[in-house]
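Undergrad: Encoded as structure tokens, here's the structure I'll be asking about.
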């Protein structure tokens, strides 16, 4: 049975139209997002690995080499098993830096345009036989089905259709930020078609050809050599080599790299694919032996590579051959499309752009988009030319394996990229040149000789026999051995450049190390202006706006650290657009860094903390422990009940903790990165002034804020940046802010309580003192009734007035003392002697009958700048204490002496003194030597606070049994009482 | 050091990779390829590896879920 060429052409064309539709509806958002981003779709899209070689060639490979065909998939399973240490680190790098191809990754790590160029060229050379293989598989399958040689125009038509599809759905967006969801969905659908078709053919072979498993087993029993032949190559030299080659190809082939990393939507999809993709490959390969045996059973005389088609065709099935043909189209088209897309991006970024950078007046986006589309066409055309020249002289598996050996030449480079910081660009270039040279010599040249392009090639069989290796193992061993050796030796022989060291640190440790320095452009607007010189005005504006949007940054941003972040984001966004090396050059040239600017510590903190937050899940061992420690210490700072603010070397704020936020009402996001001078009032003066001052401590600073008065103690310490010289002229600084407002209010309340307590104690004396004049007034009033002499009446009235004045004075003193006071009352000149006399008058009210002698020795001219009422409280407290401690006949003296810069007031008593064990806690609140009920224990504590508020000092010198001397000193020059 | 679910999952995956190498790329392969075993034996061994990878994935994910 044969099929009509026209019907096959129409079926193939309709199938490609269906793919267009799937891609179109996905791109239009008509398929729900959860389906598009589902791990199953991602897994199926990775099925692009299974090309015509798998679909058709596996049976032929199994026929000639038994289970050797499984190695091509076991190697992939190994690569996915090692996903945590191999694929996931690459995925993180590619998504973090928007690297869309292996050439981008190499150029980024080794900081070399030449490396990117070499990778692209070698990829291109390695991929062309593979593309040719797909075209050949399609034309060959047509020949199998129609039994006639298909015209070349059909192969060309197939290529043109694929070019159109790749351009329409694979080159819609120029930046890797925007994923090609439609393309991924279409490729996933193609994988599903491949799987379903191949399983259907397997079932057809089992039930349609053999008539069921029992018959198959019976046939196998009759032909034991069928199974023995399959097992024959297991464990041989080729076996291990092909597993190794497939291991490399699993992620290094351009199409695999593109689907695995560039089109990945979520890292979790890769985790799922680590088991689901090997399962997909297992299912795909399960029917291969059955199809092979069915071909043998039927005695088909056709090429075993196409048994998949032949067995359905030979049985005269109506639709199975057509379905199988569609499966083959799926396998070939998916490979060609994705490989071409990946290669086109590499060619643009690493061949075309460095060779001819477009005029900035052109729209760069359009230029890149159309350039990529042109590349797609050229690559497919090159693949077609390769197919046309090669004709049918090489098997499918041979063509595929040649590509596999080519791509594993990138293994040393990628291992070095992930795990060897010392690897250099010179090393990777030398390794690649050596490896690809040997590859060309051992595989490409013999293939060209076999195809008739060249007549003579150096015979390798002698060398193979010497090493006892087969063709593939020999080529792999020699090429990769030389590659690795050169890579290691040349890397060790060369010194790494700084940019390479930084890129190596980023790649090897998952820690993204920021560069040092400050961007010379000072605002996003300047960024646009600078970049427009090379990118063109509209592209520069779009890229800067895009980066601002990515970082949720204001267009008016001017903070150096934020501008550094913006610069880095722009560079990364450009990686995906024009390649890492070109992007690096443009950004370095137009957004240059001033390396002299000191921002290292502040930036490092911000960047490292940001990166740690992103990559916490990948930290292991010591780095994870250090991260935990860092977080703990950061939390301590955050939870510190004192306001903490750290400044970097350039004076910008790098830490602003929670207490600082609560106290000032300014959140950390607003302050970090700004200098103290840009803080709102009054914090800019308070903190900025303190930071500039020479003193390390500043006490009791009064600040009016939001209509209230607040008090603070400030402390600061210099913090040396360990990365710079310890003698740096502008070291960092940490400022601690202690809010005293609550304490002040509490003290005011305590003072008031103490006054009330004192009033209570004074009450008896006051009552007695008032009682005397009242008695006098009563007597005078009594006598007044009998007085008739006007002069006597007048005298009586005067006496009454005198007595009432006396009462008024006493009441006034009491009122003055008891009135609530606040610490923020302004200070005014006060005559010290008057204060002392007032205090003494009050104290005497209580101690009038104690037989004590009081003496005040104070010049009337001595004046003090003070709060009179609070000062009065000091002396009332001190005189009360002295009176309580004294015995009848003792003298209590108060003297005041004005020295040059100090006023010294001394209160001396001859009382019982203070026991030794009390001396250390004299000024602590609620400490008293008096009996319960006689004192609150607040007197001395308050007196000391009031004196400190007046910038004074108090000392107590006491000897038990001999008396106590209290010495108070106030600062200040003698004041003129007038 | 506390072991994280991600570390556990990674370790399981790597051990599975080692098992795959043991089955298929060491002289151990000679044991199952000789002696007239069923034709599907390599697929069974392969499936075992896939199941181990799936277990590594699902156990890691279950531990990560709150």
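Derivation of every value follows stated rules applied to the coordinates shown; laboratory data play no part. All values reported here derive from a predicted model rather than from experimental measurement. FYI the Cβ positions are ideal-geometry reconstructions off the backbone, even for glycines, and counts take in every protein chain you see.
Undergrad: Report, to two decimal places, the Cα Rg of the range A:282-428 normalised by 2.2 N^0.38 Å (N = number of residues).
TA: So the range A:282-428 has a normalised radius of gyration of 1.48.
Undergrad: Just check the range A:1-74 against the gyration tensor rule for me: Cα atoms, a ≥ b ≥ c as the square roots of the eigenvalues, rounded for a/c under 1.5, and otherwise prolate or oblate depending on whether a/b exceeds b/c. Provide the component values of the computation, followed by the final result.
TA: Numbers: a/c = 4.88, a/b = 1.30, b/c = 3.76.
Note, shape of the range A:1-74 comes out oblate.
Undergrad: Further question on the same structure: Modelled label-to-label distance, residue A:642 and residue A:779, 7 Å Cα→beta-carbon offset: nm?
TA: Those two pseudo-labels are separated by 6.5 nm.
Undergrad: Roughly what angle does helix A:237-252 make with the longest principal axis of chain A, taking Cα atoms, 0 to 90 degrees, to the nearest 10?
TA: 50 degrees
Undergrad: Treat the count of other C-beta atoms within 10 Å as a stand-in for reagent exposure and order A:350, A:697 from fewest to most.
TA: Exposure proxy ranking, most exposed first: A:697, A:350.
Undergrad: Report, to the nearest 10°, how far helix A:600-615 tilts away from the longest principal axis of the Cα atoms in chain A, using its own Cα long axis and a range of 0 to 90°.
TA: 60 degrees
Undergrad: Turning to a different aspect of this structure: Rounded to a whole number of µm²/s, how large is the Stokes-Einstein D of the range A:95-245 at 4 °C and 1.567 mPa s, given Rh as the Kirkwood radius over C-alpha pairs? Provide the component values of the computation, followed by the final result.
TA: Values: Rh = 20.5 Å.
This corresponds to a translational diffusion coefficient of 63 µm²/s.
Undergrad: So how compact is the range A:181-281: Cα radius of gyration and Dmax in angstrom?
TA: 18.5, 52
Undergrad: Report the label-to-label distance for residue A:522 and residue A:485 in nanometres (one decimal), using points 7 Å from each Cα along the Cα→Cβ vector.
TA: Result for the modelled spin labels: 5.9 nm.
Undergrad: Let me ask another. Rounded to the nearest 0.05, what FRET efficiency is calculated for residue A:422 and residue A:361 with R0 set to 35 Å and r the Cβ-Cβ distance?
TA: The value I calculate is 0.20.
Undergrad: Mean residue ellipticity at 222 nm from the helices of the protein assembly as shown, using -39,500 (n - 2.57) per DSSP H segment of n ≥ 4 over the full residue count, to the nearest 500 deg cm²/dmol?
TA: Using -39500 (n - 2.57) per qualifying helix, the result is -20000 deg cm²/dmol.
Undergrad: To the nearest 10 degrees, how steeply does helix A:939-949 sit against the main Cα axis of chain A, on a 0 to 90 scale?
TA: It is inclined by approximately 70 degrees.
Undergrad: Taking just the alpha carbons, could you work out the radius of gyration and Dmax for the range B:5-64, both in angstroms?
TA: Taking only Cα atoms of the range B:5-64, I get Rg and Dmax of 13.8, 45 Å.
Undergrad: Could I ask something else about it? With a/c under 1.5 counting as rounded, go ahead and sort the range A:514-597 into rounded, prolate or oblate using the C-alpha gyration tensor (a ≥ b ≥ c being the square roots of the eigenvalues; past the cut-off, prolate if a/b is larger than b/c, else oblate).
TA: Verdict is rounded for the range A:514-597.
Undergrad: For the range A:39-407, what percent of Cα pairs sit more than 29 Å apart?
TA: Roughly 40 percent, rounded to a whole number.
Undergrad: Between the range A:67-113 and the range A:624-664, what is the separation of their alpha carbon centroids in Å?
TA: Value for the Cα centre distance between the two parts: 39 Å.
Undergrad: Return the FRET efficiency for the residue pair residue A:40, residue A:633: r is the Cβ-Cβ distance, R0 is 51 Å, and the value is rounded to the nearest 0.05.
TA: The computed FRET efficiency comes out at 0.70.
Undergrad: Could you list A:917, B:57 in order of exposure, starting from the residue whose Cβ has the fewest other Cβ atoms within 10 Å?
TA: Lowest count first: A:917, B:57.
Undergrad: Once the range A:616-739 is represented by equal point scatterers at the alpha-carbon sites, with solvent omitted, what log10 I(q)/I(0) does the Debye formula produce at q = 0.14, 0.17, 0.18, 0.20 Å⁻¹?
TA: Reported log10 I(q)/I(0), two decimals: -0.65, -0.91, -1.00, -1.17.
Undergrad: Which shape class, rounded, prolate or oblate, goes with chain A when its Cα gyration tensor gives a ≥ b ≥ c as root eigenvalues, a/c under 1.5 marks rounded, and past that a/b bigger than b/c marks prolate?
TA: Since a/c reaches 1.5 and a/b is larger than b/c, the shape of chain A is classed as prolate.
Undergrad: Oh, and also: Going by how many other Cβ atoms sit within 10 Å of their own, how do A:858, A:507 line up, fewest first? Display every interim value, and only then the final one.
TA: Values: A:858 19, A:507 27.
Fewest to most other Cβ atoms nearby, the residues stand as A:858, A:507.
Undergrad: Write down, largest first, the equivalent ellipsoid semi-axes of the range A:279-341 in whole Å, where each equals the square root of 5 times an eigenvalue of the alpha-carbon gyration tensor. Present the calculation step by step, with values, prior to reporting the outcome.
TA: Values: eigenvalues 112, 44, 23 Å².
Whole-Å semi-axes of the equivalent ellipsoid: 24, 15, 11.
Undergrad: What is the list of residues in the range B:43-59 whose amide nitrogen lies under 11 Å from a point 7 angstrom out from the Cα of residue B:18, following Cα to Cβ?
TA: What the label zone holds, given the 11 Å backbone N cut-off, is no residue at all.
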